[in-house]
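These notes concern the structure reproduced below.
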Amino acid sequence: MKVKKAIIPAAGLGTRVLPASKAVPKEMLNIVDKPAIQYIVEEAVASGIEDILIITNRGKGVIEDHFDHAFELESNLKNSANKQDILEQCNKIANLANVYFLRQKETKGLGHAVLCARNFVGNEPFAVLYGDDVIISDNPATKQLCEAYEKYGCGAVGVKEVSRQAITKYCTLDVSPLEDNIMKCHNLIEKPSPEEIMSLYAILGRVVLPPEIFDIIAKTEPDKKSGEVNLTVPMVELAKQGKLNAVEYEGIRYDMGDKLGIMQANCEVALKHSEIGEDFKNYIKELAKTL
Ligand code: UTP
């Protein structure tokens, strides 16, 4: 079945990037000239997704404003002969896709945020694009996962190999090869201790899941320590039923929920930017001489 719906959970507290995320949602932090969440919506659209639900919460209304028309601004730009390009870009944002919004009333974890989208998704497979993970790729990462879902009829988690030190912050996967960059996933452990590491493959930012996951999430107890319902525990059940694959996707992933990730994203995207790329490269070269 074709994947046509996506959820972007963007209701987290963003504590790792405070105080930047105190009044501005971390998903609205920019990479050069666009907020992170716009890159993510554009990736979903480029992957063939038709309907997108963004999960927000109190204080994240600016995300809705960003995907709406801004009439005063647009009429102002219309009257400036040399600002037609930017007017077109602003108009395009409001017409990118069918973008819907839903509030997660309590920050109870990623699994809980996904469960909030149950009525929106219905009985279809769906993609989850984590709202703070931007992936830059000529071949959109979500598209790569959707193709794997459509080929195998199994959930698909997007993975990358990370260092032994980094895996303890993510989720380790027990995998065996299927074809090229696709593996069967047998088990997952969130934030493993060094003894629990099963491989250095970690889920980074994208998953495509079957609708059966909702019943599994609904039965999942909140984590005893954090009180949150994560998405890993329900995915373990899918894996144990033989219904989960891992796709090592092409693309560079930036963690916009992390200070270093924000700087890496801005630096690398700026170097390739059509308007400022050359000037920025010269600036970086000069700066490097002083380091
Ligand atoms: P994270 O765990 O990276 O986000 O969740 P966080 O909770 O904001 O992180 P800290 O506070 O800096 O550690 C991954 C994605 O899931 C969303 C977040 O917005 C992020 O995009 N999320 C997380 C929700 O939508 N709801 C939640 O209850 C938790």
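Structural remarks
- A search for C-beta distances below 6 Å between a residue of segment 137-149 that is buried (at least 18 other Cβ atoms within 10 Å of the Cβ) and any residue that is of a type in the set (Asp, Glu) and modelled with pLDDT of 95 or more, counting only pairs 6+ apart in sequence or on different chains, returns Pro140/Glu43; Thr142/Glu43.
- When the helices (runs of 4 or more DSSP H) confined to segment 115-186 are screened for residues that are in contact with an Asp or Glu (Cβ under 8 Å, 6 or more places away or on another chain), those reaching at least 1 such residues are found at 118-121, 141-152.
- The residue pairs whose first member lies in segment 97-120 and is near the ligand (Cβ under 10 Å from one of its atoms), whose second member is open to solvent by 30 Å² or more (accessible area, probe 1.4 Å) and not in a strand (DSSP E or B), and whose beta carbons are closer than 6 Å, counting only pairs six or more residues apart or on different chains, are Gln104/Cys116; Thr107/Leu13; Lys108/Glu228; Gly109/Glu228; Gly109/Asn230; Leu110/Asn230; Gly111/Asn230.
- Identity of the residue in segment 63-96, of a type in the set (A, V, I, L, M) and surrounded by 15 or more Cβ atoms within 10 Å (Cβ to Cβ), that ends up nearest to the ligand (Cβ to nearest atom): Ile63
- Single residue of segment 25-47 satisfying the filter (assigned to a loop (DSSP other than H, G, I, E, B) and in contact with a strand residue (DSSP E or B) (Cβ under 9 Å, 6 or more places away or on another chain)) that is nearest to the ligand (Cβ to nearest atom): Pro25
- Candidates Ile217, Ile197, Ile213, Ile203, filtered to the one that is surrounded by 13 or more Cβ atoms within 10 Å (Cβ to Cβ) and over 22 Å from Ile52 (Cα atoms): Ile197
- Taking segment 228-275 as the range and being within 14 Å of the ligand (Cβ to nearest atom), among the charged types (D, E, K, R) and under 18 Å from the mean Cα position of the chain (by Cα) as the test, the residues that pass are Arg253, Asp255, Asp258, Lys259.
- Pairing each residue of segment 38-61 that is closer than 12 Å to Val128 by Cβ with any residue that is within 14 Å of the ligand (Cβ to nearest atom) and assigned to a loop (DSSP other than H, G, I, E, B), provided the two are 6+ apart or on different chains, yields C-beta distances under 7 Å for Ile40/Gly131; Leu53/Ala117; Ile54/Ala10; Ile55/Ala10; Ile55/Ala11; Ile55/Gln104; Ile55/Cys116; Ile55/Ala117.
- Pick from segment 5-24, criterion touching a residue at least 12 places away in the same chain (Cβ under 8 Å), near the ligand (Cβ under 9 Å from one of its atoms) and within 22 Å of Cys267 (Cβ to Cβ), ranking: most open to solvent (accessible area, probe 1.4 Å): Arg16
- Selection from segment 121-158 of residues that are within 16 Å of the ligand (Cβ to nearest atom) and either out of contact with any helix residue (DSSP H, G or I) (no Cβ under 7 Å at 6 or more places or on another chain) or not small (Gly, Ala, Ser) (or both): Val121, Phe126, Val128, Leu129, Tyr130, Asp132, Asp133, Val134, Ile135, Thr142, Val157
- Among the residues of segment 84-96, those that are free of Cβ contacts under 8 Å to residues at least 12 places away in the same chain and in a helix (DSSP H, G or I) comprise Gln84, Asp85, Ile86, Glu88, Gln89, Lys92.
The values are calculated or read from the model by the stated rules, or taken from the named source; none is laboratory data. Model, not experiment: these values are computed from the prediction. With ideal geometry, Cβ positions are generated from the backbone for all residues, glycine too; neighbour counts draw on all protein chains shown. These accessible areas exclude ligands, DNA and RNA; they are computed on the full protein's heavy atoms, side chains included. Shrake-Rupley method; radii C 1.70, N 1.55, O 1.52, S 1.80 Å.
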